[in-house]
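What follows is a set of notes on a single structure, which appears directly below.
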Amino acid sequence: ITHINYTSSFNTRLMVPNYVSWSIEPEELQGQYSRRDVAFSEDPKLGKDSPSPMDYSRSGWDRGHMCPAADNKYSLDAMRESFYMSNMCPQDHSLNEKAWNNLENACRNWARQTPVYVVCGPYFNSRKPKTHIGNNRVAVPDGFWKVVLRYYKGEYRGIGFLFENKPYEGSYKNAAVTIDEIEKMTGLDFFSALNDKAERTAESSFDIKMWP
């Protein structure tokens, strides 16, 4: 499903996205629109396969944005679409408000200098029974991943992050991993449009000092 500022690969069996991808351009960081202007809603492109905002009511889980609302403040339509349920996962409130939110802020800070490309999504432990919420049986993820790429100082740099879906008190930097590790876990091939050398370099290692 493609919207103005993100693409969602939506899983109609689990009722959450497999992944959501988008870019953050420096000029998109300015804007007058905020989350106060919109409300959570079903995704019209999903039709009857869309979860409802009510599926999350009194569940104990946040409606956790994959593509953050604050990445869409340059356009009211983009802001509205970021509140579609195709962009949401059940997320622990503490994680959503702290480390996950801090990482979102960091991505915007990195984008002040150069475009940033982001893909994120949930993961499920295949050895555990799944928990579901709401009439549409939205599956609760066991955790979340995020991969980030940018071209900076003459080279592509990549980094991944991995969180369990529970309270996380440390810095998001403590959750950093290689993109290769997340590719192995998810079976997805990120940033394949890069030439092979640039892709290998960006995905096989990271230096947290390069992501201040």
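The values are calculated or read from the model by the stated rules, or taken from the named source; none is laboratory data. These figures come from a predicted structure and were not determined experimentally. Quick reminder, even Gly has a Cβ in these numbers, built from the backbone with ideal geometry, and neighbours come from all protein chains shown. Note: areas computed on protein heavy atoms with side chains; ligands, DNA, RNA excluded. Shrake-Rupley method; radii C 1.70, N 1.55, O 1.52, S 1.80 Å.
Within the span defined as the range 70-91, every residue fails to be open to solvent by 10 Å² or more (accessible area, probe 1.4 Å), assigned to a helix (DSSP H, G or I) and within 21 Å of Lys166 (Cα to Cα). May I ask you to list pairs of residues, at least six apart or on different chains, whose Cβ atoms are under 8 Å apart, with the first in the range 52-64 being within 19 Å of Val20 (Cα to Cα) and outside any strand (DSSP E or B) and the second being open to solvent by 20 Å² or more (accessible area, probe 1.4 Å) and of a type outside the set (Lys, Arg)? Filtered contacts from the range 52-64: Ser52/Glu42; Ser52/Gly134; Ser52/Asn135; Ser52/Asn136; Pro53/Ala39; Pro53/Phe40; Pro53/Ser41; Pro53/Glu42. Scan the range 26-51 for residues that are exposed (fewer than 14 other Cβ atoms within 10 Å of the Cβ) and in a loop (DSSP other than H, G, I, E, B) and jot them down. Correct list: Gln30, Gln32, Ser34, Ala39, Pro44. For Thr178, the conditions (1) under 25 Å from Asn125 (Cα atoms); (2) surrounded by fewer than 17 Cβ atoms within 10 Å (Cβ to Cβ) all hold with the exception of (2).
From the list Arg137, Arg127, which residue is of a type in the set (Lys, Arg) and either modelled with pLDDT of 95 or more or surrounded by 15 or more Cβ atoms within 10 Å (Cβ to Cβ) (or both)?
From the options Arg137, Arg127, the qualifying one is Arg137.
Within the range 102-121, the residues that satisfy the criterion of being over 17 Å from Thr178 (Cβ atoms), touching a residue at least 40 places away in the same chain (Cβ under 8 Å) and part of a helix (DSSP H, G or I) are Asn102, Ala106, Cys107, Arg108, Trp110.
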